[in-house]
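Asker: Take a look at the following structure, please.
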2 protein chains.
Amino acid sequence: MFDVYETKVRVTADNDKEAARVRTELKEKNVFLVNLMASPGAGKTTTLVRTIEALKDTYRIGVMEADTDSAVDAETIAKLGVRVIQLHTGGSCHMDADMTERGLAKMGVEDLDLVFLENVGNLVCPAEFDVGAARKVMILSVPEGDDKPLKYPLMFTVSDCLLINKIDTKVIFDFDEEACLQRARALNPNIAFFPLSAKTGEGFDAWIQWLKDAVEQWRKEA
Amino acid sequence: MFDVYETKVRVTADNDKEAARVRTELKEKNVFLVNLMASPGAGKTTTLVRTIEALKDTYRIGVMEADTDSAVDAETIAKLGVRVIQLHTGGSCHMDADMTERGLAKMGVEDLDLVFLENVGNLVCPAEFDVGAARKVMILSVPEGDDKPLKYPLMFTVSDCLLINKIDTKVIFDFDEEACLQRARALNPNIAFFPLSAKTGEGFDAWIQWLKDAVEQWRKEA
């Protein structure tokens, strides 16, 4: 029928070592870092806005917005009154541990409890680069389709939590939530899974509770 | 309000030289290569299916499907009865000229008129790597939002044609077509722009005509 041809493998170099160092430093400072990853337009910023609104009385929050260009997202987050920095990756398709470390230093995190890194919109490269976060959270939006775990397996394999966003649009998109969950769990049996809508707020309570529990659990870890 | 911090710049090495060679070879063989790029889930394969249906009596068509994993898209294309090969990039976030050349050789293109490369779903890396195509076509889908030219400027800058897909969903998404066009044209004044729906077929005639004209024009080029 057709051939399948393997082309190239990417190398991540010494990033893992640096990520481990970032993770240790953040643990010492008691700062919980979330690496938030998704395709362009999946709703990372909108999800972040609603998440911050739900948690800003509980935690001191900071946000690092990474994009290849523009400051659109940082402008949106700044309106919430939390600390935010815009990082420009200058064309790079992902954040790595070194860029994250420099972003954290530039923003200042000593007086924060919870920091979100909104990674570059991309389902490939960010999955390969550990940035030293306590937890990795990915968003897949309904319009993207339920087959994405098949095409971008690494992202689903490395994430601790999968948010299915834009469930308010399920009326017009053919998205099989159960099939998507099964495909994700085949790669990663322990991945947490929360269908929600950052637009309407539906499903947010469960995700917010998961995040609070994750912070509590992490604080007890050695 | 917030800082903007430049992190890293990517290097594309000798890819351009190799891409020029691929382009020359394809010209000698009279094979028109389209590099089709978009985010995950923007509708590359669905657009391709409808495009092939419209053109398969006019041209002898081949398709190279690039993904980090799976053969989902090649299976879909194979049903149309055109030649297709699945390329696995093994985690790489884009196709480069070398991978493209090897894919073309593996598939065999001497008896073809028109070849589509469906690139890895990604708005960042594929924009940086010339693969030797005659034309670059990108898809942005309505659910992704009209601000994407601001965040992923290079993709809009290098593309010859911008298809706005899923316009049948404009009833539920807040997408300003005119604003999107203006943002794209600010980066690339000559970019062709076609709002369409690969699901319903709306807007396809203009895009198909553009592609036919592009092939005719290219055939007259030295």
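FYI, it's all coordinate maths here, none of it is from the lab. If you're wondering where the values come from, they're calculated on a predicted model, not measured in any experiment. Using ideal geometry, Cβ is built from the backbone for each residue, glycine included, and neighbour counts are taken over all protein chains shown.
Asker: Output wanted: per-residue J couplings in Hz (rounded whole) for segment A:23-40, from phi through Karplus 6.51 cos²θ - 1.76 cosθ + 1.60, θ = phi - 60°, x for Gly and Pro.
Answerer: Along segment A:23-40, the couplings run 4, 5, 4, 5, 5, 4, 8, 6, 10, 8, 9, 9, 9, 9, 10, 5, 5, x Hz.
Asker: Let me ask something additional. Quick one: with label points 7 Å out along Cα→Cβ, list the inter-copy distances for residue A:178 in nm, shortest first?
Answerer: 4.6
Asker: Scattering from the C-alpha atoms of segment A:56-115 alone, worked out with Debye: what is log10 I(q)/I(0) at q = 0.19, 0.22, 0.23, 0.29 1/Å?
Answerer: -0.69, -0.89, -0.96, -1.26
Asker: Going by how many other beta carbons lie within 10 Å of each one, how would you line up B:21, B:135, fewest first? Can you show the working numbers first?
Answerer: Working: B:21 14, B:135 19.
The order, fewest Cβ neighbours first, is B:21, B:135.
Asker: Assign one of three labels to segment B:175-222, namely rounded, prolate or oblate, based on the Cα gyration tensor with a ≥ b ≥ c the square roots of its eigenvalues; rounded applies when a/c is under 1.5, prolate when it is not and a/b is larger than b/c, and oblate otherwise. Before the final figure, lay out the partial values.
Answerer: Details: a/c = 4.64, a/b = 1.28, b/c = 3.62.
Here segment B:175-222 falls in the oblate category.
Asker: For chain B, max minus min Cα coordinate along each principal axis, in Å, sorted largest first?
Answerer: Taking the Cα atoms of chain B, the three principal extents are 57, 41, 38 Å.
Asker: Which whole-angstrom value gives the distance between the alpha carbon centres of segment B:86-161 and segment A:135-162?
Answerer: The two parts, judged by their Cα centres, are 21 Å apart.
Asker: With +1 on each Lys and Arg Cβ and -1 on each Asp and Glu Cβ, and nothing else charged, work out how big the dipole of chain A is about its Cα centre, in Debye to the nearest 20. Provide the component values of the computation, followed by the final result.
Answerer: On the way: 27 positive and 37 negative charges, 69 e Å.
Here the size comes out at about 340 debye.
Asker: OK, next. Once the label point is placed 7 Å from Cα along Cβ, list for residue B:206 the distances to the corresponding points in the other copies, in nm, shortest first.
Answerer: List, nearest first: 4.2 nm.
Asker: Please tell me the relative contact order of segment A:15-205 in percent, rounded to the nearest whole number, where contacts are Cα pairs under 8 Å and at least six residues apart. Before the final figure, lay out each step's value.
Answerer: Details: 381 pairs, mean separation 50.3, N = 191.
About 26 percent, as a whole number.
Asker: What number do you get for the protein assembly as shown when its Cα radius of gyration is normalised by 2.2 N^0.38 Å, N = residues? Numbers along the way, then the final one.
Answerer: Working: Rg = 21.6 Å, N = 444, 2.2 N^0.38 = 22.3 Å.
Rounded to two decimals, the normalised Rg is 0.97.
Asker: Taking a ≥ b ≥ c as the square roots of the Cα gyration tensor eigenvalues, with a/c under 1.5 meaning rounded and otherwise prolate when a/b beats b/c, else oblate, which class fits segment A:131-222?
Answerer: Oblate shape, in that a/c is at least 1.5 and b/c is the bigger or equal ratio.
Asker: Here's something else I'd like to know. At 7 angstrom along the Cα-to-beta-carbon line, where would the label on residue A:21 sit relative to the other copies? Give the distances in nm, shortest first.
Answerer: Going from nearest to farthest copy, the values are 3.9 nm.
Asker: Next question. Where a ≥ b ≥ c are the square roots of the eigenvalues of the C-alpha gyration tensor, would you call segment B:52-178 rounded, which needs a/c under 1.5, or, failing that, prolate if a/b is larger than b/c, or oblate? Provide the component values of the computation, followed by the final result.
Answerer: Numbers: a/c = 1.86, a/b = 1.45, b/c = 1.29.
Prolate.
Asker: In chain A, which cysteines lack any other cysteine Cβ under 4.7 Å from their own?
Answerer: Those would be A:161, A:180, since no other cysteine Cβ in chain A comes under 4.7 Å of theirs.
Asker: Which order do the peptides B:201-212, B:71-82 come out in when sorted by mean C-beta neighbours inside 10 angstrom, highest first? Walk me through the intermediate numbers first.
Answerer: On the way: B:201-212: 16.2, B:71-82: 17.8.
Listed from highest to lowest mean packing, they are B:71-82, B:201-212.
Asker: Each residue of segment B:177-190 in turn: what ³J(HN,Hα) in whole Hz from Karplus with 6.51, -1.76, 1.60 and θ = phi - 60°, glycine and Pro shown as x?
Answerer: Those phi angles translate into 4, 5, 5, 4, 4, 4, 5, 5, 5, 5, 8, 8, x, 9 Hz.
Asker: What list of ³J(HN,Hα) values in whole Hz, one per residue of segment B:129-139 in order, does the Karplus curve 6.51 cos²θ - 1.76 cosθ + 1.60 (θ = phi - 60°) give from phi, with Gly and Pro shown as x?
Answerer: 10, 5, 9, x, 6, 6, 9, 10, 10, 10, 10
Asker: Also: Which chain A residue hugs the A-B rotation axis most tightly by its Cβ, and what is that distance in angstrom, to the nearest whole number?
Answerer: Value returned for chain A: A:143, 2.
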